[in-house]
Amino acid sequence: MNRIAARAWVVAILSGILLGGFIFFVVEFMQKSSQWVLSENSPFVDNNQQLSEEQRTLDYGTVVDRDSRILVKLDEGRVYSQDADIRKTSIHWIGGRDGNISAPLLAAFKKEMLAYNTLTGTYSYGDSSPVTRLTLSSKVQKVALEAMGNYKGTVAVYNYQTGELLCSVTTPTFDPDNVPADLETNPSTDDAYYNKFIQYHYTPGSIFKIVTLAAAMEELDDLDSMEFSCAGSYTMGVDKITCTGTHGKQNIQEAFRNSCNCAFAQLSEVLGTHTLAKYVEQFGITKAITFDGITTAEGRFDTDASAVNVAWSAIGQFNDEINPCAFLTFVGAIARGGQGLSPYVMDRISVGDNVTYRGSAELNTRIMTPRTAQRLQEFMRSNVADKYGDWNFPGLKVCAKTGTGEVGGNKKPNAMLTGFVADAQYPLAFIVCVEDAGFGQSVCVPIASKVLASCKEVMDS
Amino acid sequence: MGKIEAMATFTNVYITILRWMLPVLVAILLVRCIRPLLFFRREPEIWAWLCLPGDRKIPVTHWESVIGRHPKSDIVLNVSTISRTHAVLTRYDDGSWTISDADSASGIQVNGIKKKIAAITQEDTFTLGGVTMHIKPISRRQEKRLAQLRTKVSTFFGSFFNVILLTAIQFFCALGFLLTAEAGEFTSILMGFGGIIIAEWILLFFYITIRRTAFEVETLAFFLCTMGMSAIAAVCPGEAIKQVFAMGLGIGLFLTVGWSLRDLNRAKIIRYIAAVAGIGMLVATFMFGTEIKGARNWIFIGSFSFQPSELSKVCFVLVGASALERIVTKRNLFLFIAYSAMLVGCLALMNDFGTALIFFGAFLVIAFMRSGSVGTVALAIAALVFAGVLALKVAPHALDRFDNWRHIWEDPDGNGWQQTSGLVAMASGGLLGLGPGQGWLGNTRVFSRDADIVIATLGEEWGLIMVIFMILAVITLAVFSIRCASVGRSSFFTIGSCAAASILLLQAILNALGTVDVLPFTGVTFPFLSNGGSSMICTWGLLAFIKAADTRQNASFAVRISKQGGDEDE
């Protein structure tokens, strides 16, 4: 019997396999359970995909704007706002029903929306469901949508002192509760699935002169004493840079206010292509930026051996491309004295009384000296005060620069406008990009005027 | 506050408390059950004295004892003329003894006459290698005294308290489901949980009337049944009554097998019937069976369906167990290997990969226990043959599973769907679970969420901690079998109990570790947890073998309270 009994240890091997195997799993569970529950096919999170019947019964909570207006209820296959305009302006951020829009925002916060932790799992007391608040203001969004009219493009405003994105509207858009049958074929709704603020890049035109000017201010000690002449065009070897007018002799501030191509061509000769490229890099103009799980499109700036191409690249043409969000962040840095904040759109997430996420901006590295920033502010302020007209922005001290980006083909140029409010009470930076539109000033200023007025109203209330 | 709101608030508060309270209650219950099973003092029973020249007396502590020079013999006689394994001393149910020669060099002489095997009484002397001795069975007075000295394993009160605690757990589970279930499901839930409560109390009172006090093994089984019922309540409440009925049949089988095992001679006869039944059921399934999910392992008789391969497991354990005298004298395992090969072959033909694996695992355990190191070669050859048969026959079926193994997340909507859904659900439950009826998996159409991946359903609603408790319950049964081995009466019981424990372990290993993708997924049932009548009945049948090896004083109904001379104790 002793010998038989001694062989019973063989059963211990099996016990060991069960115990060891399950311990292995428990370790894996501790490390990966949140990954599993948040996985692409998990029913517990809204992945901005087509929902199955079973998933529709689950409650992923509500997404609201900064004033707690409901944008969407994430149950029963998404119930959007009652207001068609709110539906149209928010869809590029919160996504549609069928996953055609790439809206990674909610997916990036699925863990917080689920309030998941390994101990209590996805449990939440009773039927308390998550409330996800964005920084966007539906009120301003609606104004922006109306101001854009039939234009295609994007408008965005963010608070450069806090990083909150107040407004970001893309057109053309569509109503998720009333999707046109010809959405994908009708030219008037081209690219309606794109969030252009994030996913697009534009030929910037003259708003890029802010970059060239900033580079010159950082690089050239004698910039103020330099004189630029404009005879309507500027000959560079066999090529010619054309200007919108004949500006004569100008100092740098006048040249910037006139948006004089000849002057900036001369400046590009002084700076050279590599110096320009260095500052484009330093200012983060072409870099993709990432916030709230969203990564923007990259811009483009090419160095070139040909002087005329370098000149055009300094003017915002040639191969230049900017992403609206990245450029807005750059302008925000100027407004904030040379060191800016990344924007953010996720304000806070709460499940019952439990706040699982609080948004805040990330402080970027300093990109220019406070003095350069200060002088850029003055120059841009002068553009509005002396040229575009302060009457467009009642009650706001706006600093800005327009641009007209030639895109070739049969299309009219991109009309661009970017700037900020130099007022501690309304620290707003903005960008307006309108495609196939015409001159920046005539198209964009009225849009910015309405949107900023609405922002002011929201901030005052 | 309206009545409906008040009810909703009560439900929410109740579930919140239950999530924390239940693991604590179960932990207390498990500690109370596991401690006596794993840490009982192994006190040998003394059946006789072997009287040697010079008034030397050696206690005989098993029904089967090897006498020899080998240091691991049960009775070591270090005399050079005695073979390493010389003879086997065997006691029978009626208190009679035999001595049999284990192919020793000098043989045995009983009363001076050379014998292969002989019945002996205390008047007879026998001689091994020139040493003459006789056996003196202990007197009834000594026996009574010894029984008093041996520690009583558990008190009536202790078992009673455990069952009260278990009943409380069952009540709290059932209430949780009643609060959240649809009105039409009330009866099923009440009958399901109520049936288990009634069964455990009847069994306990039956034990008390036959003066058996140990109820830990049964308590663990009933705990697992309760959790299984929770999975049914979450997935398919309508099947609760069917499962309770199966549990009743299972307990019936448990008592029948246990009663059969009380008498070793009776058990040895039943073995032959079991051998025929075991293979017969598989052949019948192969011929008349119905294929479900690739495996042809179901028999339908009208609306009644069952898996005969489950019951074959009980037969297999009976066939595999063997008395020591036979093991020592007939070393070859040929018949058993052939029998096992037939069973596994049948299962391979039926495409039932999981069950084949369980039989094969149990075969290895039995073969090792019977042969020791001697049989290693035979074992390896047999293993090779089985593996070959399996590979050839079920290759496409089996390879699929291996393909998927550790890659389930690469195809979560296709081949990995069942397991990734399970893991997502378990993750959702966290350590504490979401509460009864609150899980997602139960309401889905994920296949076999109440059987093959039942731990995922339970993990989501009751938490990972409870799943760990369920695994520990199975491991406890196995470790208990190992501990009982050294104080076993007969190798028949020891091998039977270890084989039964191995089958329970193998099922838990393949089910649990398969579900969580630590091992390839084979789709077998988890003992007591999985919804399925055949599995439930079989598992209770296997539990009888564990009870039959429990020689603690007054512990097991499947073990006679020792009385000399065949006197019945009741």
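If you go through the stretch A:303-334 and pick out every residue that is outside any helix (DSSP H, G or I), modelled with pLDDT of 95 or more and more than 18 Å from A:A214 (Cα to Cα), you end up with 1. Checking the stretch B:519-530 against the condition returns a match, with at least one residue being at the interface with chain A (Cβ under 10 Å from one of its Cβ atoms) and surrounded by fewer than 24 Cβ atoms within 10 Å (Cβ to Cβ). Scan the stretch B:496-510 for residues that are facing another protein chain (nearest Cβ under 8 Å) and either hydroxyl-bearing (S, T, Y) or farther than 23 Å from B:D263 by Cα (or both) and the total you get is 5.
From the set of residues in the stretch B:391-430 that are of a type in the set (V, I, T) and at pLDDT 90 or above, which is surrounded by the fewest Cβ atoms within 10 Å (Cβ to Cβ)? It would help to see each step written out before you state the result.
Looking only at the stretch B:391-430, we keep the residues that are of a type in the set (V, I, T), and these are B:394, B:408, B:420, B:424.
From what is left, the residues that are at pLDDT 90 or above are B:420, B:424.
Numbers: B:T420: 24, B:V424: 28.
Among those that are of a type in the set (V, I, T) and at pLDDT 90 or above, it is B:T420.
Scan the stretch A:318-332 for residues that are crowded, with 24+ Cβ neighbours inside 10 Å and over 28 Å from A:I91 (Cβ atoms) and jot them down. Residue satisfying the conditions is A:D320 alone.
Suppose the filter is closer than 28 Å to B:K268 by Cα, within 14 Å of another protein chain (Cβ to nearest Cβ) and in contact with a helix residue (DSSP H, G or I) (Cβ under 6 Å, 6 or more places away or on another chain); does B:V60 pass it? Write out each step before concluding.
Details: closer than 28 Å to B:K268 by Cα: yes; within 14 Å of another protein chain (Cβ to nearest Cβ): yes; in contact with a helix residue (DSSP H, G or I) (Cβ under 6 Å, 6 or more places away or on another chain): no.
So B:V60 fails the test.
Name the residues in the stretch B:462-495 that are of a type outside the set (A, V, I, L, M), over 30 Å from B:Q438 (Cβ atoms) and at the interface with chain A (Cβ under 9 Å from one of its Cβ atoms), would you? First the steps, then the outcome.
As a first pass, look at the stretch B:462-495 and keep what is of a type outside the set (A, V, I, L, M): B:462-463, B:469, B:476, B:480-481, B:483-484, B:486, B:488-494.
Going one step further and asking which of them are over 30 Å from B:Q438 (Cβ atoms), we end up with B:480-481, B:483-484, B:486, B:488-494.
Across the stretch B:462-495, the qualifying residues are B:S481, B:R483, B:C484, B:S486, B:G488, B:R489, B:S490, B:S491, B:T494.
Residues that are facing another protein chain (nearest Cβ under 9 Å), buried (at least 24 other Cβ atoms within 10 Å of the Cβ), more than 11 Å from the chain's Cα centre (by Cα) and not acidic (D, E): does the stretch B:534-549 have at least one? No, there is no match, as no residue in the stretch B:534-549 is facing another protein chain (nearest Cβ under 9 Å), buried (at least 24 other Cβ atoms within 10 Å of the Cβ), more than 11 Å from the chain's Cα centre (by Cα) and not acidic (D, E). Would you check which residues across the stretch A:246-283 are crowded, with 20+ Cβ neighbours inside 10 Å, more than 31 Å from the chain's Cα centre (by Cα) and not in a helix (DSSP H, G or I) and list them? If the condition is that a residue be crowded, with 20+ Cβ neighbours inside 10 Å, more than 31 Å from the chain's Cα centre (by Cα) and not in a helix (DSSP H, G or I), then A:H247 is the only one that fits. Pull out all pairs, ordered by first then second residue, where Cβ-Cβ is under 9 Å, the residues are six or more apart or on different chains, the first lies in the stretch B:424-446 and is more than 15 Å from A:T120 (Cβ to Cβ) and at the interface with another protein chain (Cβ under 7 Å from one of its Cβ atoms), and the second is surrounded by fewer than 23 Cβ atoms within 10 Å (Cβ to Cβ) and among the small types (G, A, S). Listed by first residue and then by second, the contacts come to B:V424/A:S39. Considering the stretch B:225-245 alone, what residues qualify as being aliphatic (A, V, I, L, M) and either surrounded by fewer than 21 Cβ atoms within 10 Å (Cβ to Cβ) or free of Cβ contacts under 8 Å to residues at least 24 places away in the same chain (or both)? B:I241 - this is the single residue of the stretch B:225-245 that is aliphatic (A, V, I, L, M) and either surrounded by fewer than 21 Cβ atoms within 10 Å (Cβ to Cβ) or free of Cβ contacts under 8 Å to residues at least 24 places away in the same chain (or both). Looking at the stretch B:434-446, can you tell me whether even one residue there is in a helix (DSSP H, G or I) and of a type outside the set (A, V, I, L, M, F, W, C)? Yes, the stretch B:434-446 contains at least one residue that is in a helix (DSSP H, G or I) and of a type outside the set (A, V, I, L, M, F, W, C). The residue that is modelled with the highest pLDDT, counting only those in the stretch B:289-328 that are assigned to a helix (DSSP H, G or I) and within 14 Å of chain A (Cβ to nearest Cβ), is B:V317. Tell me yes or no: at least one residue of the stretch B:30-44 is more than 19 Å from B:Q553 (Cα to Cα) and away from chain A (no Cβ under 11 Å). Checking the stretch B:30-44: at least one residue is more than 19 Å from B:Q553 (Cα to Cα) and away from chain A (no Cβ under 11 Å). Screening the stretch A:94-116 for residues that are out of contact with any helix residue (DSSP H, G or I) (no Cβ under 8 Å at 6 or more places or on another chain) and not in a loop (DSSP other than H, G, I, E, B) and picking the one that is farthest from A:A297 (Cα to Cα) gives A:E112. Condition check for B:D452 on (1) more than 10 Å from chain A (Cβ to nearest Cβ); (2) touching a Phe, Trp or Tyr at 6+ places or on another chain (Cβ under 7 Å): one failure, at (2). Starting from residues that are surrounded by 24 or more Cβ atoms within 10 Å (Cβ to Cβ) and of a type in the set (V, I, T), keep the ones in the stretch B:457-473 and report whichever is nearest to B:M426 (Cα to Cα). Here the answer is B:T457.
The values are calculated or read from the model by the stated rules, or taken from the named source; none is laboratory data. The structure presented is a predicted model; accordingly, all values stated were derived computationally and were not measured. Every residue, glycine among them, receives a Cβ derived from its backbone with ideal geometry; neighbour counts consider all protein chains shown.
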